[in-house]
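> My questions all concern the structure below.
All of the numbers you see were taken from the coordinates with simple rules; none came from a lab. Every value quoted in this text rests on a predicted model; they were computed, and no experiment measured them. So basically every Cβ, Gly included, is an ideal-geometry build from the backbone, and we count neighbours across all protein chains shown.
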Amino acid sequence: MAARAYWQGQIRLALVSIPVEIYSATRSGATVSFNQIHEPSGKRIHYEKVAPGIGPVDPEEIVKGFQYEKGKYVLISDEEIEAVKLESKKTLELTQFVDQGEIDAIYYDKPYYVVPADDLAEEAFIVLREALRRAKKVGLGQLALRGREYVVSLKPCGHGLVLETLRYADEVNKAASYFRDIGDEKPDEDLLDLATTLIDKKTAKFHADDYHDRYVDALKDLIDRKREGKTIETDDEDDKPQSRGSNVVDLMAALKRSLEKPGAAKGPAAKKAAAKAEKPAPAKRPPAKKRAAG
């Protein structure tokens, strides 16, 4: 395999050990990055490290510090940080299994592909993969990587396995603090039928290749055109915010118009929803309470 393994070790399930290798499943090469340039000279801007009242400082005099109080720091050397790093153990022990949908997606962080390290490990690897698939479970364990310990999950992916690092609970903001001002009233059934039909109409299998970062594509095109010396025209027209419907009648009309577009669903669900939509619009409900400022 051409790529270099990010980690090599073994997965342990009770008394069974499976030698494996893991590889990063993602890449960041699709992004476009910029440098700051001094326009009159065309030279790149560089930065000096300075201390207030002192000016530029020697890089060898710079150490890490943790601010425990405003303007007060505990100084920590690189050697002291290295001393507390966890040893990168070569074993991932699966200590727990959970249902596939039990872990909220917000906890998943970064994925890695897992493959058997050699032909001898392949049989046990396949048994573990298919056992997880049949049980519809995700394996959990903790793994030390480059000095830090991670909670990781393990689940089937095609012919292999995917290992994903998980965020710890204290790294995730509690959703309740953001959602507490959203009302809990039930939606109107006619509106719900129309929205469901619209979702059914646009339901299809997911193919990652169908999606592209249009902003990155536009940036690359802009860069190519500027390199060729082409004139770039920008649109100076102010963006006007779209007016938003504030009542159920507006939402009902918008959903109906969405279903009337070419290619709208023609099945029983669509006919049922359309028939309901022809009924008189329900009485306007009082507006939901406003979210607290800030």
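> Once amide H atoms are placed 1.01 Å from N in the peptide plane, what residues at a sequence separation of 5 or more from Lys110, or on another chain, have their amide H within under 5 Å of its amide H?
The list, which skips near neighbours in sequence, is Thr165.
> Note the full-extension length gain between Lys261 and Ala5 as 0.36 nm times their separation in residues minus their Cα-Cα distance, in nm to one decimal.
Between Lys261 and Ala5, full extension yields an extra 87.2 nm.
> Let me ask something else about it. What aspartates and glutamates could a cross-link reach from Lys226, if we take a straight Cα to Cα line under 16 Å and drop same-chain neighbours fewer than 8 places away?
Within reach: Glu39, Asp217.
> Can I ask one more? Counting only the backbone N, which residues of the range 105-122 are under 17 Å from the spot 7 Å out from the Cα of Tyr211 toward its beta-carbon?
105-111
> Separate question: How would you classify the range 190-233 from its alpha-carbon gyration tensor, with a ≥ b ≥ c the square roots of the eigenvalues: rounded for a/c under 1.5, else prolate if a/b is greater than b/c, otherwise oblate?
Verdict is prolate for the range 190-233.
> Let me ask another. Sorting check: for 169-178, 98-107, 146-155, which peptide has the highest mean count of neighbouring beta carbons within 10 Å, and how do the rest follow?
146-155, 98-107, 169-178
> Which listed residue (Pro59, Gln36, Ile81) has the Cα farthest towards the positive end of the charge dipole for the range 24-90, taking +1 on Lys and Arg C-beta and -1 on Asp and Glu C-beta about the Cα centre?
Of Pro59, Gln36, Ile81, it is Gln36.
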